[in-house]
1. Go through the stretch 259-311 and give me each residue that's among the charged types (D, E, K, R) and either open to solvent by 40 Å² or more (accessible area, probe 1.4 Å) or at positive phi (or both).
2. Going by what's in this entry, would S463 be described as surrounded by 13 or more Cβ atoms within 10 Å (Cβ to Cβ) and either polar (S, T, N, Q) or part of a loop (DSSP other than H, G, I, E, B) (or both)?
3. From the set of residues in the stretch 508-517 that are open to solvent by less than 60 Å² (accessible area, probe 1.4 Å) and in a loop (DSSP other than H, G, I, E, B), which is nearest to L374 (Cα to Cα)?
4. (1) modelled with pLDDT of 90 or more; (2) over 27 Å from S175 (Cα atoms); (3) open to solvent by 30 Å² or more (accessible area, probe 1.4 Å): which one isn't true of L107, the others all being true?
5. Inside the stretch 491-507, can you point out the residues that are surrounded by 19 or more Cβ atoms within 10 Å (Cβ to Cβ) and either at pLDDT below 95 or in a strand (DSSP E or B) (or both)?
6. Only strands (runs of 3 or more DSSP E) wholly contained in the stretch 238-315 count here; list those with 2 or more residues that are closer than 30 Å to L485 by Cα.
7. So is A199 open to solvent by less than 80 Å² (accessible area, probe 1.4 Å), in contact with a Cys (Cβ under 7 Å, 6 or more places away or on another chain) and in contact (Cβ under 8 Å) with a residue 24 or more places away in the chain or not?
8. Test A127 against the stated conditions and say whether it is closer than 27 Å to S455 by Cα and crowded, with 19+ Cβ neighbours inside 10 Å.
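The values are calculated or read from the model by the stated rules, or taken from the named source; none is laboratory data. All of these numbers come straight from a predicted model, not from anything done at the bench. Neighbour counts run over all protein chains shown; Cβ positions are idealised from the backbone, glycine included. Please note that ligands, DNA and RNA were not included when accessible areas were found on the heavy atoms of the full protein model with its side chains. Shrake-Rupley method; radii C 1.70, N 1.55, O 1.52, S 1.80 Å.
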Amino acid sequence: MASALPRLQLGRPRGLRAQLLRRYEHRPLVSCLAGLYGCRWRRHEGSFTQPGGCCCNKLEGASFVLLVAAFCLTLVFLYFWGQAMNDYNDFDWFNFGNLGFWFPWSLVLLVIAAGLFTYITVLMLLAVCLLSEGQKLHLHWSHKIGILVSLTFSVAATAVLSDLWNKEWTTLLLSFQVTAPYLHVGGVLLTTALAWPVALHFFRMSGKVRCGLIMGVYLTILLALYLVPHGLYSPCIKEEQTLGPAPALIGHRGAPMLAPENTLMSFEKAVEAGSKGLETDVTISFDGVPFLMHDHTLRRTTNIHQVFPNRTDTPAAMFTWAELESLNAGAWFLSHNPFGTAGSLGEGDRRRAGNQSVCSLHAFLQLAAQTGKLVIFDLYRPPRGHPYRDTWIQVTLEVIQNESSIHPSQVLWLPSDLRALVQEIDPELQQTSGSQLPLEELQSNHVVKLNLHYSSMSAELISEYAAVNITTNLYVISQPWLYSLAWCTGVHSVTTNAPQLLSTMSSPLFLMSPDEYNLMWILTDFLSLVLIVIICIFHWWRERGLAFSPSGKITLDNGTYSKFKTQMSDIWSVSSAASQAEKPNLATVTEH
């Protein structure tokens, strides 16, 4: 027995090498991970992946694949919906028009998407940690249901929004132009961290096909991430001295985050916030008074359901100016709080906002004239049966030329109807086009500015028009990242819901020089490659050392303890048998 014990320790390496070769099972940590991932809280329920074995059975492997798919899809949807924040207000009012009541559906969708992504991410982290500890995966059935729910939600929400709001995919592509360099760094860091469990199981698995598949997929993703910057384009990667002036701000229906849209208070707030221009929408009343209203009905932005309950769906143009003046056009702003900013108003501003009335074109132009601001507006043709259906252009020009003190050069004339006649009547108006027309047609119509949706943003397009003295305005841009992109692209002005926010920006976000970007890219890829090589060499050396160790498996986990206990039991059994065999001889000696 005394000679057997030393043999158990034969070949056991000492010092640092022993520490590196030894497999540790962090029992409390593993128990916690296994409990959260598979509701297997008892220590003996954990199962260690033996050398040459797989990390899970086929069912668990399929569950892990679904988990990875759910992680990718929830991440894509969360990023997609997060970047669509610029247009949340349009989304909520679209739902208001279809459902008939106001609710911030955009924020609810964002919270759900963030919650599902957080849940799936936690499961992914648990799975990766278990694999890094060499544990087999056993996902609890409740989590499998949760994965399916997350997958279904992400796919369904993406499909519905793509069908109803496909312009947001353009927003997503635009966001890559400013965030792609940082997404590249994040992707490389994440893939580098995954090298530990990938290398561990690669060098422990015996199946060549599975080993090749795992390493092939991993290396393909890694190589793609390393080379992604070759295909990246970002207008914000430029020298600071080549950056043009910040785009001028045009208040979209005023400053709708600070006051009810299309009211006199809203335009005053836009002027205070530093807007260079004011944007609105003009409709002609039944008795020929041009007034400001975006919607074709008064249901959303007035209390018409209280004053004229039987006419809530009547076109706004079919009301007389006296009827329009009797409506409240501000109380809805405080009750609906469309941008979540009404609570930031002082008591005086809240009282004033709640008492706003429908604004006339005359009052709007007078404010612009007094403050020296540019104006731009959509002009709606009255519906059939309206007495001014065929003279709506002339009625509007009459207010501009004879009833207000604004100079015609302050007006960016956007309506395309009868453009030649308008140009002839008042050549000082700045002709503005809302469409991307050929240069020859724009020049023949004396167009000096384009008013386009921000999804049309293109440095080449803007430069092409600027070469013939046609400036570009993009609408509606309210998020700093989108304004930064417009700035870097060379846009001359933007229509915004948030002039009070964008006016405080002194430089674009994400601006960096080409040298800084190349340094960041090369250092990220180089450090990642070095770390992955070190991790792979370490796992190869340790698994090889364990395979050829004379004492077999050198570890402190449950398996080694069992093996040591079995060997001790065998020695004790041999010793006991020998003792029993000697007892008769001792008895015989005693008798003699």
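1. If we filter the stretch 259-311 for residues that are among the charged types (D, E, K, R), which is where we start, we get 261, 268-269, 272, 276, 279, 281, 287, 295, 299-300, 311.
Across the stretch 259-311, the qualifying residues are E268, E272, K276, D287, R299, R311.
2. no
3. Just the residues of the stretch 508-517 that are open to solvent by less than 60 Å² (accessible area, probe 1.4 Å), to begin with: 508, 511-514, 517.
Now narrow it down to the ones that are in a loop (DSSP other than H, G, I, E, B): 508, 511, 513.
On the way: P508: 24, L511: 30, S513: 35 Å.
Among those residues, the one meeting the criterion is P508.
4. (2)
5. Passing the criteria: S493, V494, T495, T496.
6. 248-252, 277-284
7. Numbers: open to solvent by less than 80 Å² (accessible area, probe 1.4 Å): yes; in contact with a Cys (Cβ under 7 Å, 6 or more places away or on another chain): yes; in contact (Cβ under 8 Å) with a residue 24 or more places away in the chain: yes.
Yes: the conditions hold for A199.
8. Spelling it out, it is not the case that A127 is closer than 27 Å to S455 by Cα and crowded, with 19+ Cβ neighbours inside 10 Å.
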